[in-house]
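Values in this text are rule-based calculations from the coordinates and carry no lab data. Not measured: the values here are computed from a predicted model. Here the Cβ positions follow ideal geometry from the backbone for every residue, glycine too, while neighbour counts run over all protein chains shown.
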Amino acid sequence: MAATPSQVAPAADQDDAADRQFATTLAHGIDILLSYRAGESLLGNKDFAQRTGQSRSAVARLTHTLTVLGYLRRDATQAKYRLGAPVLSLGYPLLASMHIRQLARPLMKELADRIGGAVSLGMRDRTQMIYVETARSTDSLVVTPDIGAALPMLTTAIGKAWLCKAPAAERDSVLNRLRLQDPEAFIRFHPKLANLRRDFEAKGYCVNRGEWRGDVYAFAVPLFRPVDSQWLVFNCGVSAQAGSFAMREREVAPGLLTLVRSVEDLLGMR
């Protein structure tokens with residue numbers, strides 16, 4: 001699922017800029033690599049400059065360096081760049097070390113088949129959520145989730161669940177970044193946060209009734225405790241055309257809660 005421009009945050013913010021140990025050039029290079037969105041294979045220096053806020057001359061130096069290192073591949077005919085294989089290899093050690101993926105995968109597939117939808121596991125990446133595992137039984141969803149897909153924090157069930165479960169200091173830090181990054185979205189969301197947290201405490205899960213995608217209902221449940229210092233959230237998406245929200249909630253939410261409790265038991269959390 002593609003991230004919108006407002007969801008792609010620069011690696012550095014004001015706090016980082018005040019940190020004397022912070023390597024700004026490195027951060028700018030990472031911003032270049034993070035500029036790609038789902039479905040995009042080619043970007044030029046003009047695109048990078050627009051998306052990162054960096055000057056064209058700075059972008060040119062960074063793309064040259066990243067190309068020499070193999071993180072970008074230059075398409076000479078179009079004077080644009082593709083991501084290189086080393087970008088993929090960066091994420092593999094993280095995924096391979098997440099034992100929870102192997103534990104949860106069969107349970108996720110069983111639930112996905114039972115409800116005719118998709119079940120995913122996600123973690124926070126700055127101001128968005130990233131899928132690290134997914135299982136699906138149908139292609140009826142217009143956009144099916146995949147590993148590495150990024151979702152916005154404020155308008156998705158998985159993002160809301162993370163905000164409800166994360167410690168106050170971490171949550172407030174993310175909300176502050178979101179306020180600076182997308183003021184309009186933050187203004188719409190913030191008044192709803194107290195009610196959202198009350199509903200989460202009562203039910204144990206968060207929902208999306210189609211605010212982000214009108215064709216999908218989503219439900220999300222966070223794990224009881226962090227795993228390797230990360231707060232992980234299980235998310236379930238089903239087609240909104242298969243029934244009313246109330247009917248789908250009755251079908252999906254109990255199964256997702258059971259899946260998460262089973263994973264917690266396997267991990268020895270409870």
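If the reach is capped at under 27 angstrom between alpha carbons, list the lysines near residue 46, excluding any in the same chain fewer than eight residues apart.
80
Normalised by the number of residues in region 60-124, what is the relative contact order in percent for Cα pairs under 8 Å and 6+ residues apart?
Working: 32 pairs, mean separation 9.9, N = 65.
Relative contact order, region 60-124: 15 percent.
How big is D, in µm² s⁻¹, for the chain by Stokes-Einstein at 37 °C and 0.692 mPa s if Rh is the Kirkwood radius over C-alpha pairs?
Numbers: Rh = 19.8 Å.
The diffusion coefficient I find is 166 µm²/s.
So what is the 222 nm mean residue ellipticity for the chain from helices alone, if each DSSP H run of at least 4 adds -39500 (n - 2.57) and you divide by all residues, rounding to the nearest 500 deg cm²/dmol? Working shown, then result.
Values: 11 runs with 130 residues, N = 270.
Rounded to the nearest 500, it is -15000 deg cm²/dmol.
Taking 8 Å as the Cα distance limit and 6 or more residues as the minimum spacing, I'd like the relative contact order of region 20-91 as a percentage. Walk me through the numbers on the way to the answer.
Details: 66 pairs, mean separation 20.2, N = 72.
Reported relative contact order: 28 percent.
At a 10 Å Cβ-Cβ cut-off, how would you order 247, 269, 123, fewest neighbours first?
On the way: 247 11, 269 14, 123 19.
By the 10 Å Cβ count, ascending: 247, 269, 123.
I want to verify a result. In a Gaussian network model of the chain, Cα cutoff 10 Å, which of these has the top mean-square fluctuation: 112, 240, 218?
Comparing 112, 240, 218 in the GNM, the peak value goes to 240.
Around residue 95, with a cut-off of 10 angstrom between Cβ atoms, what is the net charge of the other residues, counting Lys and Arg +1 and Asp and Glu -1? All intermediate terms of the calculation are to be shown ahead of the outcome.
Values: positive: 101; negative: 133.
In short, 0.
How do 119, 59 line up, fewest other C-beta atoms within 10 Å first?
Details: 119 31, 59 23.
In order of increasing Cβ crowding within 10 Å: 59, 119.
Check the straight Cα-Cα distances from residue 160 and name the lysines below 20 Å, setting aside those fewer than 8 residues away within the same chain.
Reachable lysines: 192, 203.
Contact order normalised by length for the chain, with contacts defined as Cα pairs under 8 Å and 6 or more residues apart; what percent is it? Working shown, then result.
Details: 402 pairs, mean separation 43.5, N = 270.
Answer for the chain is 16 percent.
Could you line up 233, 238 from fewest to most neighbouring Cβ atoms inside 10 Å?
On the way: 233 29, 238 25.
Arranged by neighbour count, lowest to highest, 233, 238 become 238, 233.
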